[in-house]
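Read the structure below first, then the notes.
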Amino acid sequence: MSRIKEILSLCIYEFRIQFTSKRVWLGYLVGIVIILKQSVEYLAYADSTGEAVNVLDAFIIAGNNYNTVMFLVLGWLLVISEAPFVDNNSAYVIYRTQRKNWNKAMVLYVMLQAVIYYGILAVSTILFSCRNGFFANIWSKPLTKLAGNGINVQQYNVSFPYSSFMQETTVFSGFLQTWLLIFIYGLIMGLLLYTFSLFSNQIAGVIVVFLFHFLGYEIMKEGFMMIIKYSLLARSILVLQVGSDTGTNVFETYRIYGILILLILGLSGRLVKYVDFRDISKGE
(Lines give C-alpha, C1' and ligand atoms only; values in the text may rest on other atoms or scores of the structure.)
Protein backbone atom coordinates (compact mmCIF):
# COMPACT_ATOMS: atom_id res chain seq x y z
CA MET A 1 0.00 0.00 0.00
CA SER A 2 2.83 2.40 0.85
CA ARG A 3 4.42 1.63 -2.54
CA ILE A 4 1.19 2.60 -4.34
CA LYS A 5 0.99 5.84 -2.34
CA GLU A 6 4.58 6.64 -3.22
CA ILE A 7 3.97 6.02 -6.93
CA LEU A 8 0.84 8.20 -6.86
CA SER A 9 2.69 10.95 -4.97
CA LEU A 10 5.50 10.94 -7.54
CA CYS A 11 2.98 11.04 -10.37
CA ILE A 12 1.14 14.00 -8.81
CA TYR A 13 4.46 15.74 -8.22
CA GLU A 14 5.29 15.35 -11.91
CA PHE A 15 1.93 16.79 -12.93
CA ARG A 16 2.58 19.83 -10.75
CA ILE A 17 5.99 20.31 -12.38
CA GLN A 18 4.87 19.75 -15.96
CA PHE A 19 1.80 21.97 -15.74
CA THR A 20 4.15 24.91 -15.22
CA SER A 21 5.81 24.15 -18.57
CA LYS A 22 4.90 26.30 -21.57
CA ARG A 23 5.52 23.36 -23.88
CA VAL A 24 2.76 21.34 -22.20
CA TRP A 25 0.20 24.11 -22.65
CA LEU A 26 1.39 24.78 -26.19
CA GLY A 27 0.92 21.10 -27.01
CA TYR A 28 -2.67 21.22 -25.75
CA LEU A 29 -3.31 24.37 -27.77
CA VAL A 30 -1.85 22.84 -30.94
CA GLY A 31 -4.07 19.76 -30.59
CA ILE A 32 -7.23 21.79 -29.95
CA VAL A 33 -6.59 24.13 -32.88
CA ILE A 34 -5.95 21.22 -35.27
CA ILE A 35 -9.08 19.28 -34.36
CA LEU A 36 -11.34 22.34 -34.19
CA LYS A 37 -10.20 23.40 -37.66
CA GLN A 38 -11.62 20.13 -38.96
CA SER A 39 -14.77 20.65 -36.87
CA VAL A 40 -15.32 24.18 -38.21
CA GLU A 41 -15.20 22.90 -41.78
CA TYR A 42 -17.70 20.13 -41.07
CA LEU A 43 -20.12 22.38 -39.18
CA ALA A 44 -19.98 24.96 -41.98
CA TYR A 45 -20.98 22.19 -44.39
CA ALA A 46 -23.75 21.01 -42.02
CA ASP A 47 -25.13 24.56 -41.72
CA SER A 48 -25.42 24.70 -45.51
CA THR A 49 -27.69 21.63 -45.41
CA GLY A 50 -29.95 23.18 -42.78
CA GLU A 51 -29.81 19.99 -40.68
CA ALA A 52 -28.63 19.38 -37.11
CA VAL A 53 -25.51 17.31 -36.47
CA ASN A 54 -24.78 14.64 -33.93
CA VAL A 55 -22.36 16.19 -31.42
CA LEU A 56 -20.14 13.13 -31.89
CA ASP A 57 -19.85 13.61 -35.66
CA ALA A 58 -16.98 16.10 -35.67
CA PHE A 59 -14.67 13.91 -33.62
CA ILE A 60 -15.46 10.81 -35.67
CA ILE A 61 -14.58 12.69 -38.86
CA ALA A 62 -11.39 14.21 -37.45
CA GLY A 63 -10.29 10.99 -35.73
CA ASN A 64 -10.57 9.09 -39.01
CA ASN A 65 -8.72 11.62 -41.15
CA TYR A 66 -5.10 10.44 -41.40
CA ASN A 67 -3.73 13.97 -41.87
CA THR A 68 -5.53 15.21 -38.76
CA VAL A 69 -4.48 12.20 -36.68
CA MET A 70 -0.87 12.62 -37.77
CA PHE A 71 -0.70 16.24 -36.63
CA LEU A 72 -2.62 15.59 -33.41
CA VAL A 73 0.24 13.31 -32.40
CA LEU A 74 2.67 16.19 -32.88
CA GLY A 75 0.74 18.21 -30.30
CA TRP A 76 0.83 15.22 -27.97
CA LEU A 77 4.58 14.74 -28.37
CA LEU A 78 5.01 18.42 -27.55
CA VAL A 79 3.09 17.86 -24.30
CA ILE A 80 5.53 15.16 -23.19
CA SER A 81 8.62 16.48 -24.96
CA GLU A 82 10.44 16.87 -21.64
CA ALA A 83 10.69 13.10 -21.18
CA PRO A 84 12.27 11.41 -19.28
CA PHE A 85 11.23 14.21 -16.87
CA VAL A 86 14.52 14.47 -15.02
CA ASP A 87 15.98 17.84 -14.05
CA ASN A 88 18.15 19.07 -11.19
CA ASN A 89 15.20 19.23 -8.80
CA SER A 90 13.59 15.89 -9.63
CA ALA A 91 16.96 14.12 -9.47
CA TYR A 92 16.96 14.62 -5.69
CA VAL A 93 13.46 13.15 -5.46
CA ILE A 94 14.52 10.11 -7.48
CA TYR A 95 17.40 9.31 -5.14
CA ARG A 96 14.98 9.20 -2.20
CA THR A 97 12.90 6.44 -3.75
CA GLN A 98 13.38 3.15 -5.57
CA ARG A 99 14.10 3.35 -9.26
CA LYS A 100 11.30 0.97 -10.16
CA ASN A 101 8.78 3.07 -8.23
CA TRP A 102 9.93 6.23 -9.98
CA ASN A 103 9.68 4.47 -13.37
CA LYS A 104 6.14 3.27 -12.63
CA ALA A 105 5.18 6.78 -11.56
CA MET A 106 6.48 8.29 -14.81
CA VAL A 107 4.73 5.62 -16.89
CA LEU A 108 1.52 6.39 -14.99
CA TYR A 109 2.07 10.09 -15.65
CA VAL A 110 2.40 9.49 -19.41
CA MET A 111 -0.75 7.35 -19.42
CA LEU A 112 -2.85 9.87 -17.48
CA GLN A 113 -1.50 12.77 -19.52
CA ALA A 114 -2.54 10.91 -22.69
CA VAL A 115 -6.05 10.43 -21.29
CA ILE A 116 -6.27 14.15 -20.52
CA TYR A 117 -4.89 15.27 -23.90
CA TYR A 118 -7.08 13.07 -26.07
CA GLY A 119 -10.03 13.55 -23.72
CA ILE A 120 -9.80 17.33 -24.11
CA LEU A 121 -9.69 16.96 -27.89
CA ALA A 122 -12.88 14.88 -27.91
CA VAL A 123 -14.70 17.16 -25.46
CA SER A 124 -13.72 20.28 -27.41
CA THR A 125 -15.37 18.94 -30.59
CA ILE A 126 -18.51 17.99 -28.65
CA LEU A 127 -18.83 21.41 -27.02
CA PHE A 128 -18.17 23.13 -30.35
CA SER A 129 -20.98 21.12 -31.95
CA CYS A 130 -23.57 21.81 -29.26
CA ARG A 131 -24.93 24.99 -30.84
CA ASN A 132 -26.59 22.97 -33.60
CA GLY A 133 -26.35 19.41 -32.41
CA PHE A 134 -28.07 16.51 -30.70
CA PHE A 135 -26.79 13.52 -28.75
CA ALA A 136 -28.09 10.13 -29.83
CA ASN A 137 -26.94 6.80 -31.20
CA ILE A 138 -28.07 7.65 -34.74
CA TRP A 139 -26.13 9.05 -37.66
CA SER A 140 -26.99 12.63 -38.56
CA LYS A 141 -28.36 13.62 -41.96
CA PRO A 142 -25.38 15.88 -42.84
CA LEU A 143 -22.88 13.08 -42.22
CA THR A 144 -25.05 10.54 -44.03
CA LYS A 145 -25.23 12.83 -47.06
CA LEU A 146 -21.49 13.48 -46.91
CA ALA A 147 -20.68 9.76 -46.78
CA GLY A 148 -23.22 9.00 -49.49
CA ASN A 149 -21.62 11.47 -51.87
CA GLY A 150 -18.28 9.79 -51.25
CA ILE A 151 -16.43 12.91 -52.38
CA ASN A 152 -14.70 15.87 -50.84
CA VAL A 153 -16.99 18.89 -50.47
CA GLN A 154 -14.37 21.27 -51.79
CA GLN A 155 -16.15 24.44 -50.73
CA TYR A 156 -15.84 23.34 -47.11
CA ASN A 157 -12.79 21.05 -47.42
CA VAL A 158 -14.49 18.19 -45.64
CA SER A 159 -14.72 14.55 -46.66
CA PHE A 160 -15.98 11.29 -45.14
CA PRO A 161 -16.41 8.71 -47.93
CA TYR A 162 -17.20 5.80 -45.62
CA SER A 163 -20.86 4.89 -46.05
CA SER A 164 -20.09 1.19 -45.54
CA PHE A 165 -18.47 2.04 -42.20
CA MET A 166 -21.65 3.82 -41.10
CA GLN A 167 -23.70 0.79 -42.08
CA GLU A 168 -21.57 -1.60 -40.04
CA THR A 169 -21.17 0.36 -36.81
CA THR A 170 -23.17 2.66 -34.55
CA VAL A 171 -22.36 6.25 -33.61
CA PHE A 172 -21.47 5.39 -30.02
CA SER A 173 -19.28 2.45 -31.03
CA GLY A 174 -17.65 4.47 -33.79
CA PHE A 175 -16.91 7.36 -31.45
CA LEU A 176 -15.55 5.15 -28.64
CA GLN A 177 -13.33 3.04 -30.88
CA THR A 178 -12.10 6.06 -32.81
CA TRP A 179 -11.03 7.62 -29.51
CA LEU A 180 -9.50 4.42 -28.17
CA LEU A 181 -7.38 3.79 -31.25
CA ILE A 182 -5.88 7.27 -31.52
CA PHE A 183 -5.42 7.35 -27.74
CA ILE A 184 -3.57 4.02 -27.62
CA TYR A 185 -1.42 4.97 -30.61
CA GLY A 186 -0.53 8.25 -28.91
CA LEU A 187 0.22 6.36 -25.69
CA ILE A 188 2.62 4.05 -27.55
CA MET A 189 4.41 7.07 -29.04
CA GLY A 190 4.62 8.66 -25.59
CA LEU A 191 5.98 5.54 -23.92
CA LEU A 192 8.52 5.12 -26.74
CA LEU A 193 9.68 8.69 -26.25
CA TYR A 194 10.02 8.21 -22.50
CA THR A 195 11.81 4.86 -22.79
CA PHE A 196 14.20 5.92 -25.54
CA SER A 197 15.06 9.11 -23.65
CA LEU A 198 16.13 7.04 -20.65
CA PHE A 199 19.25 5.78 -22.42
CA SER A 200 19.84 8.62 -24.87
CA ASN A 201 18.94 12.26 -24.40
CA GLN A 202 15.84 14.38 -24.72
CA ILE A 203 16.51 15.69 -28.24
CA ALA A 204 17.53 12.30 -29.63
CA GLY A 205 14.42 10.70 -28.14
CA VAL A 206 12.11 13.25 -29.75
CA ILE A 207 13.83 12.89 -33.14
CA VAL A 208 13.63 9.09 -33.14
CA VAL A 209 9.93 9.03 -32.23
CA PHE A 210 9.14 11.71 -34.82
CA LEU A 211 10.92 9.64 -37.48
CA PHE A 212 9.07 6.51 -36.39
CA HIS A 213 5.77 8.39 -36.56
CA PHE A 214 6.43 9.75 -40.05
CA LEU A 215 7.62 6.33 -41.23
CA GLY A 216 4.18 4.99 -40.34
CA TYR A 217 2.64 7.85 -42.29
CA GLU A 218 4.75 7.11 -45.38
CA ILE A 219 3.93 3.40 -45.24
CA MET A 220 0.24 4.24 -45.01
CA LYS A 221 0.34 6.83 -47.79
CA GLU A 222 2.38 4.78 -50.25
CA GLY A 223 0.73 1.44 -49.51
CA PHE A 224 -2.83 2.60 -48.98
CA MET A 225 -5.18 -0.38 -48.58
CA MET A 226 -2.35 -2.79 -49.43
CA ILE A 227 0.22 -2.73 -46.63
CA ILE A 228 -1.85 -0.83 -44.09
CA LYS A 229 -1.30 -3.60 -41.56
CA TYR A 230 2.40 -2.65 -41.34
CA SER A 231 1.73 0.95 -40.27
CA LEU A 232 0.94 1.59 -36.62
CA LEU A 233 -0.46 4.99 -37.61
CA ALA A 234 -2.81 3.43 -40.17
CA ARG A 235 -3.99 1.00 -37.52
CA SER A 236 -5.05 3.96 -35.36
CA ILE A 237 -7.70 4.89 -37.95
CA LEU A 238 -10.90 2.95 -37.39
CA VAL A 239 -12.53 3.37 -40.83
CA LEU A 240 -9.59 1.63 -42.50
CA GLN A 241 -10.26 -1.52 -40.46
CA VAL A 242 -14.02 -1.94 -40.73
CA GLY A 243 -15.30 -4.11 -43.56
CA SER A 244 -14.41 -7.34 -45.30
CA ASP A 245 -11.96 -5.84 -47.82
CA THR A 246 -9.63 -3.96 -45.47
CA GLY A 247 -7.04 -6.72 -45.02
CA THR A 248 -7.02 -6.26 -41.25
CA ASN A 249 -9.40 -5.73 -38.37
CA VAL A 250 -9.59 -3.61 -35.28
CA PHE A 251 -9.33 -6.51 -32.82
CA GLU A 252 -6.00 -7.54 -34.32
CA THR A 253 -4.87 -3.94 -33.87
CA TYR A 254 -5.86 -3.92 -30.20
CA ARG A 255 -3.84 -7.11 -29.71
CA ILE A 256 -0.77 -5.67 -31.45
CA TYR A 257 -1.03 -2.40 -29.52
CA GLY A 258 -1.36 -4.31 -26.24
CA ILE A 259 1.73 -6.43 -26.96
CA LEU A 260 3.77 -3.34 -27.88
CA ILE A 261 2.78 -1.53 -24.70
CA LEU A 262 3.78 -4.53 -22.58
CA LEU A 263 7.14 -4.79 -24.38
CA ILE A 264 7.86 -1.07 -23.91
CA LEU A 265 6.90 -1.22 -20.24
CA GLY A 266 9.17 -4.21 -19.74
CA LEU A 267 12.02 -2.45 -21.51
CA SER A 268 11.67 0.72 -19.45
CA GLY A 269 11.64 -1.36 -16.26
CA ARG A 270 14.98 -2.90 -17.24
CA LEU A 271 16.62 0.27 -18.55
CA VAL A 272 15.83 2.33 -15.46
CA LYS A 273 18.15 0.08 -13.43
CA TYR A 274 21.15 1.35 -15.40
CA VAL A 275 20.25 5.00 -15.89
CA ASP A 276 22.68 7.62 -14.61
CA PHE A 277 20.26 10.31 -13.47
CA ARG A 278 23.09 12.75 -12.84
CA ASP A 279 24.03 12.73 -16.51
CA ILE A 280 20.40 13.13 -17.59
CA SER A 281 19.78 16.05 -15.23
CA LYS A 282 22.96 17.77 -16.48
CA GLY A 283 21.76 17.29 -20.02
CA GLU A 284 18.53 19.06 -19.20
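The values are calculated or read from the model by the stated rules, or taken from the named source; none is laboratory data. Note that this is a predicted model, so its numbers are computed, not measured. No Cβ is skipped: glycine too gets one built from the backbone with ideal geometry, and neighbour counts run over all protein chains shown. Heavy atoms of the whole protein, side chains included, go into the accessibility calculation; ligands, DNA and RNA do not. Shrake-Rupley method; radii C 1.70, N 1.55, O 1.52, S 1.80 Å.
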Between Leu215 and Ile120, take the C-beta separation as r, use R0 = 25 Å, and let me know the FRET efficiency to the nearest 0.05. 0.35
State which entries of Lys145/Lys221; Lys37/Lys221; Lys5/Lys104; Lys5/Lys100 exceed 18 angstrom in Cα-Cα distance in the structure shown. Lys145/Lys221; Lys37/Lys221
For the chain, set up a Gaussian network in which alpha carbons nearer than 10 Å are linked by springs, and say which option among Ala114, Ala136, Ala52 fluctuates the most. Ala136
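With the contact rule set at Cα under 8 Å and sequence spacing of 6 or more, what percent relative contact order holds for the range 1-98?
37
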With all protein chains present and a 1.4 Å probe, the order of Ile207, Ile60 from largest accessible area down is Ile207, Ile60
What is the diffusion coefficient of the range 111-205 in µm²/s, taking the Kirkwood radius over Cα pairs and the Stokes-Einstein relation at 25 °C with a viscosity of 0.890 mPa s? 153
For the range 36-89, Kirkwood radius (reciprocal of mean inverse C-alpha pair distance, Å): 13.4
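Roughly speaking, what is the stretch gain from Leu263 to Val93, that is 0.36 nm per residue apart minus the C-alpha to C-alpha distance, in nm to one decimal?
58.5 nm
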Taking a probe of 1.4 Å and leaving out DNA, RNA and ligands, the chain shows per residue an accessible area in Å² of 48
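So if I place +1 on the C-beta of Lys and Arg and -1 on the C-beta of Asp and Glu, and nothing else carries charge, what would the dipole magnitude of the range 1-62 be about its Cα centre? I want it in debye, nearest 20.
Result for the range 1-62 is approximately 580 debye, rounded to the nearest 20.
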Exactly which trypsin sites (Lys or Arg not before Pro) in the range 37-124 are in a DSSP loop and have at most 12 other Cβ atoms within 10 Å? Arg96
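So what's the projected area for the range 1-95, the Cα convex hull averaged over all directions, in nm²?
Values: hull surface 34.7 nm².
Reported value for the Cα convex hull: 8.7 nm².
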By how many degrees, 0 to 90 and rounded to 10, does the Cα axis of helix 171-199 deviate from the longest principal axis of the chain? 30
Given H placed on each backbone N at 1.01 Å, which residues far from Asn54 in sequence or on other chains put an amide H within less than 5 Å of it? Phe134, Ser140
Which one of Phe71, Ser163, Tyr274 is farthest out on the positive end of the charge dipole of the chain, using unit charges on Cβ (Lys, Arg +1; Asp, Glu -1) and the Cα centre as origin? Tyr274
Quick calc, the chain, dipole around Cα centre from Cβ unit charges on Lys, Arg (+) and Asp, Glu (-), nearest 20 debye, gives 900
Please name whichever of Ser9, Gly186, Gly133 sits farthest to the positive end of the charge dipole of the chain, dipole taken about the Cα centre and charges placed at Cβ: Lys and Arg +1, Asp and Glu -1. Ser9
Sorting check: for 21-34, 229-242, which peptide has the highest mean count of neighbouring beta carbons within 10 Å, and how do the rest follow? 229-242, 21-34
Scattering profile of the chain from the Debye formula, Cα beads only, expressed as log10 I(q)/I(0) at q = 0.07 Å⁻¹, is -0.29
Please list 3J(HN,Hα) in residue order for the range 70-81, calculated via the Karplus relation 6.51 cos²θ - 1.76 cosθ + 1.60 where θ = phi - 60°; whole Hz, with x for glycine and proline. 4, 7, 4, 5, 5, x, 5, 5, 5, 4, 10, 5
Under a GNM of the chain (C-alpha, springs under 10 Å), which listed residue has the highest mean-square fluctuation: Gly205, Gly50, Gly63? Gly50
Of Ile94, Tyr42, Asn249, which is farthest on the positive side of the dipole of the chain, counting Cα position, with +1 on Lys and Arg Cβ, -1 on Asp and Glu Cβ, and the Cα centre as origin? Ile94
Accessible carbon and sulfur surface of the range 53-184 relative to its total accessible area, %, 1.4 Å: 59
In a Gaussian network model of the chain with springs linking alpha carbons closer than 10 Å, the residue among Ile264, Ile138, Ile188 that fluctuates most is Ile138
